[in-house]
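Okay, so here's the structure we're looking at.
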Amino acid sequence: MKIIVIEADGLRAEFLGPYGNDWVETPSLNRIAADGFVFDHCLIGSPHRAVQTAALWTGLHPTQIALHRSAVGNSVSLGDRVSSQETSGDGTLQEDPAQRSIVSLLRKQNWKTVLISPESSVLAHPLAQTFEEHRLVGKLPDDAGDEEHSSFRVVQGEPAVTPVGRPAEDWAETRTAVVFSEVCETLSQIEGTALVWCHLSDLRNHWDAPLTMRMRHHEEGDPEPWSGTNVPRLRFRGEVDPDWLLPFVSAYAAQVEVLDLCLAGLWSTLEELAHREPWMLVITSARGMPLGEHGWLGTWHTPLHAELLHVPFIVAFSDGLGQSERSQALVYPHDLAVTVLNWVGVDTPIGRTGNPVGPEKTWVAIGGEDLLPIIRGEVDQVRDRLFVWDGHRTLAVRTRGWFAQVRLVGQEDAEEIADSSGALGSGEEAVPDEATLQDLTVVSARADLANLVKMRTQEGEDSLSDWEIEELRRRVRLFVKPDDRWEVNEVADRCPQIAGEFLKTTAEFLYSFQSLADVSRQSSYLALSVLPDDLVKGPEA
């Protein structure tokens, strides 16, 4: 029995055939999707790689990881606690995320576990040491800019950007191809039950797809294709000409096509393997990739929008389970941890803690959920809302009918944070400290958000004053889903009641997490208020 996870950091769902793209060639992904199961609405829980990676391996929400680090104090890092073995009796997290790691749980069942990546920083992640084997393959060149430790430039108009590095002459010479070769060789050689986890980073850090592949998307009159391997990191002041962005979009598209070519070889290997033993393949991503939308290019230090948050989640099985099916359920990438463990029959450390749920409350899964019941057609969904936190001053909430960005500080403060060379601009993997959490949950939620949205009117009358509506405009950006796929039509001023409800939902989420930070254990579920139909279904409700 084998589990193969392809985690392609920077892979956007919108560039793939299974998600409706018709101009980037992805025949291998199309075939895998046809033979597998596709989740249409998968959003990451955080754009920070350190906590997002930990979430993928543990099934915890990224915000839980951040709160865990704050709860144990800044003087004690997550890595210092990896050797701890303490969990509570009901299986909820008490102190050590590593104990909950999919890798640790599989190793207890005598599974072999292999982590393959071209990035030494991924292999050095505190939770990476739970893997039995670590393989650094196709190491990032010294002259390439690691996005995690690179700052972006704030520019006006279309700046001069200098290409650095030479793309590969042939796609088989790319770093992605080298990594996939190692994956296929590992699957051919390894005996017994094994987890092979492949982390890829070229889509975010190193565009080495051949120029000939980039030229496929070049038309007469277009700017010359991007000739470098470097990925520009820019924030634009004002409008930017879409034609100026074309070379970078084409380079990224070519990189996606390289990935697809490599997946063809992996799929052939798995088809041969299926004659000998069962396997499960998961293709997903830790983050997307902004390519000029909403004024950002090439960096994760960006507002919470679909180009960064919406990632693919495709699952395929050797026995054809879920073949050619897809789901509209709201899922996280870190759902894969629990799904994988349930597929192999390993007990998962999930628990629900706190007071009994009353008629106005419901359990909301923030940690990983088992998606096998959806794949088998037994249920339609596992949660009715998703939460994404940027780790600083914005929390996003996604339901079936809406996507809301809620600023936890005023507009001016938010812009100052985004423009600064501090937490968002430095490229550092900043994890919020205890003081930050106190500020967000107590000051913002209690004194501001909750009081702002008191609904107090009779049916048929506006429930908010002019001042409150103006404040909502400053605090909430609201988009209709799934219609507004690219999140360009902001409607908070036309739907103040909905915006106010999302403020309440945000405040409740922050309150709940604050209570988790005050105790020594964290649950995979929060007891939150039942959402009104118009928040779940959108304007059609």
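The values are calculated or read from the model by the stated rules, or taken from the named source; none is laboratory data. Just so we're clear, the structure is a prediction, and the values are computed from it rather than from any experiment. Methodologically, a virtual Cβ is constructed for each residue, glycine included, from the backbone with ideal geometry; neighbour enumeration extends over all protein chains shown.
The table below lists the values:
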item: E277 vs. criteria outside any helix (DSSP H, G or I), over 20 Å from the mean Cα position of the chain (by Cα) and more than 30 Å from I375 (Cβ to Cβ); result: no
item: Qualifying residue in the stretch 309-322 (condition: of a type in the set (F, W, Y), at pLDDT 95 or above and in contact with a Leu (Cβ under 7 Å, 6 or more places away or on another chain)); result: no
item: Check on L336, in contact (Cβ under 8 Å) with a residue 24 or more places away in the chain, touching a strand residue (DSSP E or B) at 6+ places or on another chain (Cβ under 6 Å) and part of a helix (DSSP H, G or I); result: yes
item: Residue within the stretch 184-197 that is acidic (D, E), at pLDDT below 90 and either within 19 Å of R153 (Cα to Cα) or over 27 Å from the mean Cα position of the chain (by Cα) (or both) present; result: no
item: Within the stretch 237-250, tally of residues that are surrounded by 11 or more Cβ atoms within 10 Å (Cβ to Cβ) and modelled with pLDDT under 90; result: 2
item: Yes/no for W111 being under 28 Å from R383 (Cβ atoms), modelled with pLDDT of 50 or more and of a type in the set (F, W, Y); result: no
item: Residue ID - surrounded by the most Cβ atoms within 10 Å (Cβ to Cβ), chosen from residues in the stretch 16-47 that are in a helix (DSSP H, G or I) and in contact with a strand residue (DSSP E or B) (Cβ under 9 Å, 6 or more places away or on another chain); result: L29
item: Residue in the stretch 407-427 that is of a type outside the set (S, T, N, Q), crowded, with 16+ Cβ neighbours inside 10 Å and at pLDDT 70 or above present; result: yes
item: Residue list for the stretch 196-226, filter: of a type in the set (S, T, Y) and either surrounded by 15 or more Cβ atoms within 10 Å (Cβ to Cβ) or in contact with a Lys or Arg (Cβ under 8 Å, 6 or more places away or on another chain) (or both); result: S201
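To keep it simple, each residue is scored yes or no on (1) under 20 Å from P373 (Cα atoms); (2) modelled with pLDDT of 95 or more.
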| residue | (1), (2) |
| --- | --- |
| E7 | no, yes |
| L16 | no, yes |
| D22 | no, yes |
| E25 | no, yes |
| S28 | no, yes |
| D35 | yes, yes |
| D40 | yes, yes |
| S46 | no, no |
